[in-house]
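> Here's a structure for you.
The values are calculated or read from the model by the stated rules, or taken from the named source; none is laboratory data. Bear in mind that the values here come from a model prediction, so they are computed numbers and not experimental data. Using ideal geometry, Cβ is built from the backbone for each residue, glycine included, and neighbour counts are taken over all protein chains shown. What goes into the accessible areas is simple: the full protein's heavy atoms, side chains included, and nothing from ligands, DNA or RNA. Shrake-Rupley method; radii C 1.70, N 1.55, O 1.52, S 1.80 Å.
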Amino acid sequence: MKRLQALIFDVDGTLADTERDGHRVAFNLAFAEAGLDWEWNVELYGELLSVTGGKERIKFYLDRYNTDFRRPGNFDEFVAGLHAAKTTFYTRLLAQGEIPLRSGVERLLREARERNIRLAIATTTTPENVSALLNCTLGDGALEWFEVIGAGDVVPAKKPAPDIYHYVLEAMNLAPEECVAFEDSHNGILSSREARLPTIVTVNDYTRDQDFSGAAIVLDRFGEPDSPFQVLQGNACSHRYVDIAMIEAVRKETSSVRR
Ligand code: XBP
Ligand code: MG
C-alpha cells in the first residue's frame, strides 16, 4: 500500500457546519436586500442542497419552487449579482465568529502538519468563503496550511462531478491512493469516489440519512478523546476519534477488504 501523503477536505458541512446558519441566512439577507420576497427556510434549504454551488442553487430554486418569478433579460448577471451579495453577507457572518470549525478538525489539521502530511481543499463554494472560514477560525496564515485550494468556478462542473478532486490531485501531483478525502454529503462522495479517493464521511443534520455507499467509513463526527465518534457504517478498528493513526488503520482495513 502506498504511503499516506495528503488529506483533502471538503469545506461546507465537513470542516464546519456552514449551511443552515451560514449560507442559508446569507442567501436570505441577499434576497431581502434586493427587494425579493424569497425566504429559504431550514426545510426548503435542505431540498435546495441537492444542487451544489450558490448560483446553480438559485437557478434550481426558480426552476422548481418559484416558477412565477419574471426573470430579467440579463438573468445570468442578475443571479451573479445576488450571489456576490450573498458572499458578502456570508463572509460577514464568519467574521462575527458565528460559525466554528467542527470539533476535532483543528486537532487533526495540526497533527497532519506536524507529521508532514500535505493538506488541500476541494469544495464547490466560492474561494473568498474558504479564506474567510480558515482565517476566522484558525487565524491569519491558516490559508498557507493548505497547499492547494480547489474552489468554486475553477472547474466548470461542480460536485457531484469529480473535476474538483482531479484538479487538486493534478496540482499536487499525487495519485488518489496516496490521499484520503473528507466529505459530508452524497454529492460529495459521488465526486470523491469517481476520482477514486478513499473517503471518510462525517455526517451532519442535513446529510445523516443520505447514501454513502463507497465510503471507507461513515461517522457522526471527527470526535475528540473526550467525545468519541459513533460509527454509522464501516470499521473504525477500535479507534475513537479521527487522527492519523485512525486514518492509517481505516486505509489498511479498506484496502484489505477490496483485495
Ligand atoms: C457546498 C455547496 C456550496 C455552498 C454555498 O457543497 O454546495 O454551494 O452551499 O457556497 P460542498 P456558494 O460541501 O459539497 O462543496 O454560494 O459560494 O456556492
Ligand atoms: Mg460538503
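> Can you list the lysines whose alpha carbon sits under 17 Å from that of Lys252, skipping same-chain ones fewer than 8 residues off?
List returned: Lys2.
> Here's a follow-up. So which DSSP H runs in the chain come out at 20 Å plus along the axis (Cα) with average Kyte-Doolittle of at least 0.0? Intermediate results must be reported in sequence, preceding the final value.
Working: long enough: 75-95 (30 Å, 0.42); 244-258 (21 Å, 0.05).
Both cut-offs are met by 75-95, 244-258.
> Percentage of Cα-Cα pair distances in the chain greater than 28 Å, rounded to whole percent? Before the final figure, lay out each step's value.
Details: 10719 of 33411 pairs.
Of the Cα pairs, 32 percent sit more than 28 Å apart.
> If Lys and Arg each add +1 and Asp and Glu each add -1, what is the summed charge of the other residues whose beta carbon sits under 12 Å from the beta carbon of Asn66? Please report the intermediate quantities before stating the final value.
Numbers: positive: Lys59, Arg64, Arg70, Arg71; negative: Asp37, Glu39, Asp63, Asp68.
Neighbour charge sum, excluding Asn66 itself: 0.
> Which lysines, on any chain, are close to Lys59 with Cα under 30 Å apart, when same-chain ones fewer than 8 places away are left out?
Lys86, Lys158, Lys159
> Distance in nm between label sites at Phe60 and Val42, each 7 Å beyond Cα in the beta-carbon direction?
Distance between label points: 2.0 nm.
> At 1.4 Å probe size, with every protein chain present, just tell me what the per residue accessible area of the chain comes to in Å².
Numbers: 12020 Å² over 259 residues.
Ligands and nucleic acids excluded, the result is 46 Å² per residue.
> At what distance in angstrom do the alpha carbon centres of the stretch 41-98 and the stretch 1-29 lie from each other?
18
> Now for a separate question. Taking K and R as +1 and D and E as -1, what net charge do the other residues with C-beta under 9 Å from the C-beta of Lys2 add up to? Spell out each step's value before the answer.
On the way: positive: Arg3; negative: Glu177, Glu178.
Every neighbour counted, the sum reads -1.
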